[in-house]
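Accompanying notes for the structure given below.
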Amino acid sequence: LDAKKAASNILDLPKLLQMFAENKQSKVDFKEEKHAFYLDEPISSSGQLEFYAPNKLNKFIISPQKASQKINGDTLTINNGNKTHVVDLNDHPEFSIILRSIINVLSGNHAALKKDFKIKFESKPAGWTLSLRPHDSFIASYVDSIQIFGKKNIFLKMIVKEPNNDYTLTMLYNHR
């Protein structure tokens, strides 16, 4: 009976993405660390992320200073105090791929993930890992891999690794 219970806790990728697709909005708190070879210590930030299906992702940075990044479809609006920048994500695939990967997982868009990435998915009773490697060689020169870790339909951690081994670690908590 315990083996059956453990097996029922193991997800496959289509089931996981379906669970995410059913959740039309979510809010979480985050802590992020950018680790780079040229830094003596990581750059840290924290704040809140909001997702609204199918393609809106808002990042509100509270610390070290207030800023916001809002994605609506293909448009990224960055606000740093009294300056606002609007960016067409189609013009910057090297960083928009990271943002699109989050949106495509949270909206359950398996077709878009397959189009952009080589996908490896592992699931165990304790949780799952989704590893994404860009198909496009230009993008791969900026992003080596994106690893997303979770349990059931909860996104817990993400690691974005660059080809030079620099990486960004994002921890997510207080899911609501």
- Item | Top-ranked residue of region 99-121 - restricted to ones that are under 15 Å from ASP136 (Cβ atoms) and of a type in the set (Lys, Arg), ranked as most open to solvent (accessible area, probe 1.4 Å) | LYS115
- Message: Exactly one of these conditions fails for VAL87: (1) within 23 Å of LEU169 (Cβ to Cβ); (2) at pLDDT 95 or above; (3) open to solvent by less than 50 Å² (accessible area, probe 1.4 Å). Give me its number.
- Response: (1)
- Task: List the number of the failed condition for LYS59; all other conditions in (1) at pLDDT 95 or above; (2) touching a Ser or Thr at 6+ places or on another chain (Cβ under 6 Å) hold.
- Result: (2)
- Got at least one residue in region 33-44 being in a strand (DSSP E or B), aliphatic (A, V, I, L, M) and farther than 24 Å from LYS151 by Cα? yes
- Task: Mind listing just one residue for me: the one in region 122-149 that is free of Cβ contacts under 8 Å to residues at least 24 places away in the same chain and closer than 12 Å to LEU13 by Cα and, of those, surrounded by the most Cβ atoms within 10 Å (Cβ to Cβ)?
- Result: SER131
- Task: Kindly check whether there is at least one residue in region 84-91 that is more than 24 Å from SER44 (Cα to Cα) and touching a Phe, Trp or Tyr at 6+ places or on another chain (Cβ under 9 Å).
- Result: yes
- Looking at GLU33, is it of a type in the set (D, E, K, R), at pLDDT 95 or above and either open to solvent by less than 60 Å² (accessible area, probe 1.4 Å) or farther than 26 Å from GLU162 by Cβ (or both)? no
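The values are calculated or read from the model by the stated rules, or taken from the named source; none is laboratory data. Fair warning: this is a prediction, and the values are worked out from it, not measured in the lab. Virtual Cβ from ideal backbone geometry, glycine too; neighbours counted across all protein chains shown. Remember, those area values only see protein heavy atoms, side chains included, never the ligands or the DNA or RNA. Shrake-Rupley method; radii C 1.70, N 1.55, O 1.52, S 1.80 Å.
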